[in-house]
Amino acid sequence: MNNPLETPIEYLKGVGPARGELLRKELGIHKYADLLHLFPNRYIDRTRYYKINELQNSNAEVQVVGKVINIKTVEQKRGKRLVAKFVDDTGEIELVWFQGQKWIRENLKVNVPYVIFGKCTSFNGVFNMAHPETELLTEHEQSLRSAMQPIYPSTEKLTQRGITNKVMNKMVQQLFVETQAKFGEVLPPTLLQELQLIPKNAALFNIHFPKSNDLLAKAQFRLKFEELFFIQLQLITKNLIRKHKIKGHPFNSVGNYFNDFYQNHLPFELTNAQKRVIKEIRNDMGHPAQMNRLLQGDVGSGKTIVAFMSMLLALDNGFQACLMAPTEILANQHYAGLSELAEPMGINVKILTGSTKTAERKVIHEALENGSLHIIIGTHALLEDKVQFKNLGLAIIDEQHRFGVEQRSKLWRKNEIPPHVLVMTATPIPRTLAMSLYGDLDVSVIDELPPGRKPIKTVHRFDSNRLKVWAFLKEEIAKGRQVYIVYPLIEESDKMDYKDLMDGYESISRDFPLPQYSVSIVHGRMKPADKDSEMERFAAGKTNIMVATTVIEVGVNVPNASVMVIESAERFGLSQLHQLRGRVGRGAEQSYCILMTSHKLSNDSKTRMETMVRTNDGFEIAEVDLKLRGPGDIMGKQQSGVLNLQIADLVKDRDILSLARHHAIKLLKEDAPLSKPEHAALKHAFIEMSKKKSIWNYIS
Ligand code: ADP
Ligand code: MG
C-alpha cells in the first residue's frame, strides 16, 4: 500500500504546481509528510474575548464579539476603503478594508453577532482594525477549531505570493482530511504507558490544532520525546555496531610498565576521577574492539598522567603509542612532561614536529618502523605518509577540536587493525551536546581537580580603573609572581587588532620600565623560533610580564604566573575566556584573572563577564555558552547538521533529551535488533529514518 504521506505536495487540494514549487523552495516541503511535520512556531491564544472599552493601542492581536451596524465606502485620494462600524455593549470601533471590498460588502452581515480578530490601532480617538478575521458567532461556537491559533514558519516570498498563515492553516487541514489523519503509532505501548505519552495521532492533531493549552503541551512533549528518542537510538546503535564490527587490539595484560609505574614512579596520588577514568580506558582497551573515547577534563585536571598510563598499557601489550598535539609549543610541553615520567623506566620517547631536523627525522622514521621507538609525540608531522609504525596500538589526540575528522582517520589508515583512539579535550562540552552529538562516542570525564588548588579569583574592571589594576600587578610582581596580559587578535590579518596589541605593549613597557621590570611579547606574526625563545624567557622567570595574543591559549604551563589580565574581554567568547584563565592557577599561589572592558557592554557580554566572575567550573561555563550562542555556533556548521531538529531544542529540552537517552539505552539493552513484535513499528520507522537522515560520521 502506498503511504499517502509520500504524496508530492502539489497533489494536495489547493496547492498545485506553482504553490508546490514555492513550498519546496521556501520551506523545503516536498511531500505531505514534510507539511505534516512543519510545526507551528507559536500559537495565538484565542481563548480570551475583549470588550471594546478594554482595547489598548498595542501590538497584540485581540478578539472581540459584537455586531456590524453599518458599512460604507469612503473615497480617498488613492482608491477607496470600506469602513464598517462595529459595536458591543461597551463602545464602538471601525473595521477597515482596503482590499477585497466587493466580497466583504456582499458577505458581511449587518446586525448579526460576529467574532472579529486582529490588531487594533487608535486614530483620532477611535480604534480601528484593518483586515480583521471575521466569523459569525454561531459558526465560531460550533467550529471544532481550536482556541490556540497556530502560526507557521513563513518567508517574505510566501506571504507576497498569497500563502498567508491562514492559507497554510487550510493546507494542513486539507492534509488531515485527505490522509484521514491516520498516522501510525511508532513508539511501543509500554513506553507510551510508562511516560504517559499521548498517541501519535492525537499529538499531530494537537500540535496543529490544539484543543487546549494542556493538550498542546502534551503534544509537544510527545513529539519532542519521539524526535530525540530516534536520534538516541541511532547514535547508540552506531556505537554498538562499532563495538562489534571494528576490530581492535585487545590489551589483555596489565604488565610491567603499568604496574612498575603505579607502584614505584607515580609522582602523586591520583584523584578519584583520574582513577575512574583510567579504569574506563583500561576496560575499553581490554576488548577486541576499537576504543573511541573522548576524555574531557578542565584545564589542570590532570589529563596528561591519564594519557601516559594508557600508553603504558599499550606498551605492556607490545604496541606503540603516539600523542598528537595541535601546536609545537604544546607538543614540546608534552614531550618534556612525558619523557620525565618515562625516563626512569627506560622507555624510549621522541618528538616529531615541523622543526625536527632531517637527520633526526630519518632516525625517528626508522625507529618507529622497526619498533624500537615506543612512544612518539608530535604535531601534524605525525600524519605524513613517511611516518609508518610497526604496530601502533593507541593514538592519543590532544585538544580534538583543532583537528579535522579527515586528519584523524589518517592516523588509523596506517594499520590494518586501527589503534585505539583517545581524544583529550579541555573544552568542556555541555552534557546535552555531548549526548546528542557525541552520543556514539564513549565519554570519560575528569570532574575533579588535584587537591590543594586554590580557585582563581576573577574580577571585572573597567578601563577607567586601569591605574588601580596596574598597581595591583606591581604588588604581585614584587612578590615574585608573573603576569599575562592578553589582547584580542581575532584574525591574524586584522590590522586594528594588531595595532592595539603593539600600542598596548608600548604603553605597558612605559608603565613597567626597565630595569625594574621586563616585558615579553608573543604574537602570531613572529617567527616560531622567536616565539619559542620569548616563551622560554618568560617560563624561566626572566621577564615579569607576557604581553600576548591568544597564541598562549592552549596548553602553556608557567606555574609561577599568577595573574591573567584580559584586555577587551568583551570581545572573547566564554570558552576562550575560560581557556585563557586556565593559564594561571597552576602553582601553589593564589591566582587572579582580571577582565578589562569598556563601559559599553551588550547584554550578552555582561552575562559572559558575570559568568566568569561567578564560577571556575568549565562545565557550567559551557552550559551558559550554549545558551548564549546556540548549538550550531558552538559545534561549527558542519557538525550542526545533526542539530536540525524539527521540534526539540537542545538547550530548553535537555530533560527530555536525558529521558529519551535513558529509554533508548533501556530499550536497546532489552531488544537490540528490535525484533520483538511490539517493536515492529518502531523498527520500521527507525530504518526509514536512517535511510534518509544519516547522522553517521560526525565524529569518529
Ligand atoms: P591538563 O588536564 O590541563 O592537561 P595536566 O595533566 O597538565 O592537566 O596537569 C596539571 C598539573 O597538575 C600538572 O602539573 C600535573 O603534574 C598536576 N597533577 C595532575 N594530577 C595530579 C594529582 N592527582 N595530584 C597532584 N597533582 C596532579
Ligand atoms: Mg594538557
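Before we move on, is Leu330 modelled with pLDDT of 95 or more, within 27 Å of Pro528 (Cα to Cα) and out of contact with any Phe, Trp or Tyr (no Cβ under 8 Å at 6 or more places or on another chain)? In short, no.
Inside region 482-499, can you point out the residues that are under 22 Å from Ala561 (Cβ atoms) and either aliphatic (A, V, I, L, M) or not in a strand (DSSP E or B) (or both)? Don't jump to the end; show me each part of the working.
Taking region 482-499 as the starting set, the residues that turn out to be under 22 Å from Ala561 (Cβ atoms) are 482-489.
Of everything in region 482-499, those that are under 22 Å from Ala561 (Cβ atoms) and either aliphatic (A, V, I, L, M) or not in a strand (DSSP E or B) (or both) turn out to be Val483, Ile485, Val486, Tyr487, Pro488, Leu489.
Of all the residues in region 559-593, those that are crowded, with 23+ Cβ neighbours inside 10 Å, at pLDDT 90 or above and not in a helix (DSSP H, G or I) number 10. Counting only residues that are over 18 Å from the mean Cα position of the chain (by Cα) and more than 6 Å from ligand 1 (Cβ to nearest atom), region 290-304 holds 4 of them.
Does region 432-452 include one or more residues that are within 16 Å of ligand 1 (Cβ to nearest atom), polar (S, T, N, Q) and at pLDDT 80 or above? Explain how you work it out, then say what you get.
The first filter runs over region 432-452 and keeps only residues within 16 Å of ligand 1 (Cβ to nearest atom), leaving 443-452.
Keeping just the survivors that are polar (S, T, N, Q) gives 444.
From what's left, at pLDDT 80 or above: 444.
Yes, some residue in region 432-452 is within 16 Å of ligand 1 (Cβ to nearest atom), polar (S, T, N, Q) and at pLDDT 80 or above.
One residue alone among Arg525, Arg466 is of a type in the set (D, E, K, R) and assigned to a loop (DSSP other than H, G, I, E, B), and that residue is Arg525. When Ser575, Ser591 are checked against the criterion of being of a type outside the set (A, V, I, L, M) and either closer than 25 Å to Ile397 by Cα or within 16 Å of ligand 2 (Cβ to nearest atom) (or both), Ser575 stands alone in meeting it.
Considering Glu54, Glu6, Glu21, the condition of being without any contact (Cβ under 8 Å) to a residue 40 or more places away in the chain and under 19 Å from Ala181 (Cα atoms) is satisfied by Glu6 alone. The set of residues in region 237-275 being within 14 Å of ligand 1 (Cβ to nearest atom) and either without any contact (Cβ under 8 Å) to a residue 40 or more places away in the chain or β-branched (Val, Ile, Thr) (or both) consists of Leu266, Glu269, Leu270, Thr271, Lys275.
Evaluating Asn53 against the criteria (1) surrounded by fewer than 18 Cβ atoms within 10 Å (Cβ to Cβ); (2) touching a Ser or Thr at 6+ places or on another chain (Cβ under 6 Å); (3) outside any helix (DSSP H, G or I) leaves one unmet condition, (3). Pick from region 385-400 the residues that are on the phi < 0 side of the Ramachandran plot and under 32 Å from the mean Cα position of the chain (by Cα): which of them is nearest to ligand 2 (Cβ to nearest atom)? So the residue we want is Asp398.
The values are calculated or read from the model by the stated rules, or taken from the named source; none is laboratory data. What you are looking at is a predicted structure, and each value in this text was computed from that prediction instead of being measured. Virtual Cβ from ideal backbone geometry, glycine too; neighbours counted across all protein chains shown.
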